[in-house]
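Data block below; observations after.
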Amino acid sequence: MSLKEKFGGENMYELILGLGMGFKETPAQQMKIAKSVGWDGIFTGWSKSENLEEYAKCAQEQGLIYQSVHAPFGNVDKIWESETEGDRYAEEQIECLRQSCDVGVNLVVAHAIIGMERCTPTALGLKRFEKIFNAAENLGVTVALENTEGEIYVEALMKEFGSSDRVRFCIDTGHEMCYNASRDIIGKYAEKLICTHLNDNMGQTGESITWLDDSHLLPFDGVGDWNGIAQRLKKAGYQNHLTFELTSKSKPERNTHDIYAHLDCEGFVALALERARKFRNIIEAK
C-alpha cells in the first residue's frame, strides 16, 4: 500500500488543533482564531447537541481542514457489559459515524474503553463493535481506536477486526506516557497508525495511575520525550497530519496548567501553534 493510499492525502504534517481547550469561545470563534494564527485544520467532538453541519460550514468558510470527529466516550464501557444500555450506546457511536459522513468527515477517533479498573473484554462487546465497524465500512468512514486505559480492549479489537482497512489506530502521546507507562505503543500499532493526538503530561504522579494524570499539556511542558516520539513516528512511516489535543485547564485539585493562566484563547492557540511547529521541525529533521 502506498503512503497516499494509507493516509489518504498529498500533504504531510499539516497542523490540526482540537477545539474546546477549556475556553468559553464557541467552536466558530475558535476556528476563526485558529485560522488567524496559522493552524491548517481542526477536529471537533460529537454529541447529540452539537451541529456538525455548522462546524463543517464554518471550517470551509475559514479555509480549514475538518480533519476528524471524536466519538463520545463517557459511557463506552457499557458496550462491553450485558445491560441493554450497551446497545443504545453502540447506536450512538454509529450515529456519530453517520453524521460525520454526512458532512464529509471520513475519520472518527474512538475509545475502546473508559475506566482504569476494567480489564475483561467480552464477546458481547466484540459483537457490538463489529456492528459499529460494519457501519463504518458501509459509510466509507475510518474508525481510529485510541490507546487509553484498559489497553487490553484495543488489543482485543485489533486482533478481531484489525484486518479491516476501516479499523485503524490513533496514538495519543499523553495516554502513552501515563496509561501505557511510556511503552512504545506507536511501534506496536505502526501498521495501523493513521492519526495522532499529540499532548504532554507529567506521567504517573501518584501511587497509581488515574485519569488526573492525563492532563493534555502543550508539548514540551511535561515529561514527554519529543525527540523520541518524532523518531518513532518516522520509523513507523507516519506521513499524515499532526493533530494536537490540548487543554488550558488543570484537572480537579491539580495545578499543572497554571503556566497558561495568563493566556486568553488566542494566546493559548498561538502558543500551541508555536509548539506544534517546533515538533514538526523535529520530525522533519529526522
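Could you estimate the translational diffusion coefficient of the chain from the Stokes-Einstein equation, with Rh from the Kirkwood formula over C-alpha pairs, at 25 °C and 0.890 mPa s, in whole µm²/s? Reported coefficient: 128 µm²/s.
Between 219, 152, 229, the Cα set farthest toward the positive side of the dipole of the chain (charges on each charged residue's Cβ, about the Cα centre) is that of 229. Counting only protein heavy atoms and a 1.4 Å probe, the chain has 45 square angstrom of accessible area per residue.
In a simple Cβ point-charge model (Lys, Arg +1; Asp, Glu -1; nothing else charged), the chain has a dipole of about 740 debye relative to its Cα centre.
Run the Debye formula on the Cα coordinates of the stretch 61-199, all scatterers equal and no solvent, and tell me log10 I(q)/I(0) at q = 0.10, 0.13, 0.18, 0.19 1/Å. The computed values of log10 I(q)/I(0) come out as -0.30, -0.52, -1.01, -1.12. Please express the Cα-Cα pair-distance distribution P(r) of the stretch 16-90 as a list of whole percents, one per 10 Å bin, running from 0 to the bin with the greatest distance. Per 10 Å bin, starting at 0, the Cα pair percentages come out as 18, 43, 21, 15, 3. Divide the volume of the convex hull around the Cα atoms of the stretch 173-228 by the residue count and you get 80 Å³ per residue.
Kirkwood's formula applied to the C-alpha pairs of the stretch 212-286 gives a hydrodynamic radius of 13.5 angstrom. Dipole magnitude for the stretch 95-253: about 500 debye, using +1 per Lys or Arg Cβ and -1 per Asp or Glu Cβ, origin at the Cα centre. Annotation for the stretch 181-231 versus the stretch 253-286: alpha-carbon center distance of 15 Å. Accessible surface of the stretch 77-147, 1.4 Å probe: 49 percent of it comes from carbon and sulfur atoms. Only DSSP H runs of four or more residues enter the estimate; each adds -39500 (n - 2.57), and after division by the residues of the chain the mean residue ellipticity at 222 nm equals -12000 deg cm²/dmol.
The values are calculated or read from the model by the stated rules, or taken from the named source; none is laboratory data. On a predicted model such as this, the values are computed, not experimentally measured, just so you know. Quick reminder, even Gly has a Cβ in these numbers, built from the backbone with ideal geometry, and neighbours come from all protein chains shown. Please note that ligands, DNA and RNA were not included when accessible areas were found on the heavy atoms of the full protein model with its side chains. Shrake-Rupley method; radii C 1.70, N 1.55, O 1.52, S 1.80 Å.
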